[in-house]
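See below for the structure under consideration.
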Amino acid sequence: MAKRLFIALELPESCRKTLADLATPIRGVRWLAADQLHLTLAFLGEVGDAMELRLGEKLAEVRVPPFILPVEGVGAFGGLRPSIIWAGVGTGHPHLFALHKRVHDALFAAGFDPELRAFHPHVTLARLKNVAAPTLRPFLKKHASDEFCVLEVTSFAVISSRPGSDGSIYTVEARYELKARHHSAV
């Protein structure tokens with residue numbers, strides 16, 4: 001049976017609560033619930049059992065050392081008609097980009113099509129419908145340089161998503177601990 005899957009970094013409860021508490025009544029903005037907040041590394045779509053098994057084998061081979069990641073500042077994607085409000089994770093964190101690359105290498109090895117879009121790491125906070133950019137300016141300006149939390153990234157997860165009445169319901173299907181690459185003496 002196929003599941004709708006994505007690969008993400010999970011956020012600790014305290015961080016999810018801090019981010020969810022940013023929710024401000026703005027017409028056309030649907031804030032995500034705390035339990036829906038995460039940092040997506042890859043979206044896979046519908047995945048069958050055999051492909052999920054092969055994926056698990058390849059993801060178990062991913063090697064990146066654990067790292068610290070700040071969650072700070074907010075922004076919006078979509079220009080004059082923004083579609084997403086997000087929280088940032090600093091700029092160009094080398095371990096995060098290494099993890100993203102290794103996960104995508106594993107996906108490719110498991111038979112998934114390569115992701116062609118550039119990686120813009122973020123935590124989606126809200127989805128927008130018919131909201132003009134100027135409407136968001138006060139919120140974005142107020143929180144532009146806020147420091148929300150610091151993540152100790154020690155694992156990543158394969159998460160399934162199914163529709164629910166209050167947004168998607170997420171279930172962790174598998175979790176993979178981060179490990180440094182083993183070096184052998186010559």
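The table below lists the values:
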{"read-out": "Count - residues of region 1-32 that are surrounded by fewer than 16 Cβ atoms within 10 Å (Cβ to Cβ), of a type outside the set (V, I, T) and in contact (Cβ under 8 Å) with a residue 12 or more places away in the chain", "value": "10"}
{"read-out": "Contacts under 6 angstrom Cβ, first residue in region 41-61 being surrounded by fewer than 12 Cβ atoms within 10 Å (Cβ to Cβ), partner among the hydrophobic types (A, V, I, L, M, F, W, C), 6 or more apart", "value": "E46/A2; G48/A2"}
{"read-out": "Among the residues listed as L125, L136, L140, L116, the single one being within 19 Å of the chain's Cα centre (by Cα) and at pLDDT 90 or above", "value": "L125"}
{"read-out": "Residue count for region 123-167, restricted to those that are within 16 Å of D35 (Cα to Cα) and among the polar types (S, T, N, Q)", "value": "4"}
{"read-out": "V64 vs. criteria closer than 18 Å to F97 by Cβ, touching a residue at least 60 places away in the same chain (Cβ under 8 Å), of a type outside the set (S, T, N, Q) and touching a strand residue (DSSP E or B) at 6+ places or on another chain (Cβ under 7 Å)", "value": "no"}
{"read-out": "Strands (runs of 3 or more DSSP E) within region 1-107 that include 1 or more residues more than 15 Å from the chain's Cα centre (by Cα) and of a type outside the set (F, W, Y)", "value": "3-10, 29-31, 38-47, 67-77"}
{"read-out": "Region 90-109, subset over 17 Å from P70 (Cβ atoms) and in contact with a Pro (Cβ under 8 Å, 6 or more places away or on another chain), residue surrounded by the fewest Cβ atoms within 10 Å (Cβ to Cβ)", "value": "F108"}
{"read-out": "Count of region 81-140 residues which are free of Cβ contacts under 8 Å to residues at least 60 places away in the same chain, more than 27 Å from D49 (Cα to Cα) and small (G, A, S)", "value": "8"}
{"read-out": "Filter result for L151 (aliphatic (A, V, I, L, M), in contact (Cβ under 8 Å) with a residue 12 or more places away in the chain, surrounded by 12 or more Cβ atoms within 10 Å (Cβ to Cβ) and assigned to a strand (DSSP E or B))", "value": "yes"}
{"read-out": "Criterion (at pLDDT below 95, of a type in the set (G, A, S), under 18 Å from L128 (Cα atoms) and out of contact with any strand residue (DSSP E or B) (no Cβ under 8 Å at 6 or more places or on another chain)) met by exactly one of G92, G48, G79", "value": "G79"}
{"read-out": "Selection from region 124-146 of residues that are surrounded by fewer than 17 Cβ atoms within 10 Å (Cβ to Cβ), not in a strand (DSSP E or B) and not polar (S, T, N, Q)", "value": "K129, A132, A133, P134, R137, P138, L140, K141, K142, A144, D146"}
{"read-out": "Residue selected from region 154-176 under the condition among the charged types (D, E, K, R) and either in a strand (DSSP E or B) or in contact with a Ser or Thr (Cβ under 6 Å, 6 or more places away or on another chain) (or both), by the criterion surrounded by the most Cβ atoms within 10 Å (Cβ to Cβ)", "value": "E173"}
{"read-out": "Count - residues of region 1-17 that are within 15 Å of A126 (Cβ to Cβ) and not basic (K, R)", "value": "0"}
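The values are calculated or read from the model by the stated rules, or taken from the named source; none is laboratory data. If you're wondering where the values come from, they're calculated on a predicted model, not measured in any experiment. Glycine also receives a Cβ, built like all others from the backbone with ideal geometry; neighbour counts cover every protein chain displayed.
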